[in-house]
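Report on the following structure.
The values are calculated or read from the model by the stated rules, or taken from the named source; none is laboratory data. Note that this is a predicted model, so its numbers are computed, not measured. A quick note on method: Cβ atoms are made from the backbone with ideal geometry, for glycine too, and the neighbour counts reach across all protein chains shown.
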Amino acid sequence: MRTQVPSATSDLADATWEDLFERLNQSLSMHADLLQAMVHLAELQEKALFRASLEEIKKITAAQEILVARAGKVEEQRQRYTAHLVRFPRFADCQTLAQIVAVAPPDRKTALETCMGQLQQQTKILREKTARNEEMLQQTLKFFQHFMNTMCAATEAPTAGYGRGGDMSGEQRAFFSKRI
């Protein structure tokens, strides 16, 4: 998925508020698409965690990093568009995107509310998927810690065997060098 971030050159200085609303709407839609792609990657990551496929997890993590960087650029654009919008008298008292949407013309308001709703929904889903993946990682780490503790305890415990003098005293042996 390739997402082209709109440029924020000097053309913003000459942009009308209608044009800025259109760009803002495109920016929010792009952000929602990026979040949807992140949700898809989180689902793939969950499956890879379940299969314990380290290589696949690494690839998915690299793809997630790219999407996060793109989402950051899109967010910067959204902030620029918002900053230019508040320069217009109609939006001068607005501090947040929600306040801008509240005073927007009805046709623009509907489109922006739809995009914001999609963003909120995708963010909620992504948080749930991320929490599930984090829980799986924590459980995996607990299992490995338990396994390591068990292995360490087994290597440090005395084992029955004949000592040098032929007695049945316990002696320390490495767990992996025991003969069965």
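Data table
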| quantity | calculated |
| --- | --- |
| Any helices (runs of 4 or more DSSP H) falling wholly within the stretch 1-102 and containing at least 1 residues that are within 20 Å of the chain's Cα centre (by Cα) | 17-51, 54-85 |
| Meets criteria (surrounded by 11 or more Cβ atoms within 10 Å (Cβ to Cβ) and either at pLDDT below 85 or basic (Lys, Arg) (or both)) for residue 171 | yes |
| Inter-residue pairs, beta-carbon under 7 Å, first without any contact (Cβ under 8 Å) to a residue 40 or more places away in the chain and in the stretch 109-130, second surrounded by 14 or more Cβ atoms within 10 Å (Cβ to Cβ), 6+ apart | 109/101; 113/101 |
| All positions within the stretch 80-130 that are farther than 14 Å from residue 23 by Cβ, touching a helix residue (DSSP H, G or I) at 6+ places or on another chain (Cβ under 9 Å) and of a type in the set (A, V, I, L, M) | 86, 98, 101, 102, 103, 116, 119, 125, 126 |
| Test set (1) at pLDDT below 55; (2) surrounded by fewer than 10 Cβ atoms within 10 Å (Cβ to Cβ) - residue 164 fails condition number | (1) |
| Test for residue 82: is it farther than 30 Å from residue 136 by Cβ, exposed (fewer than 13 other Cβ atoms within 10 Å of the Cβ) and among the β-branched types (Val, Ile, Thr) | no |
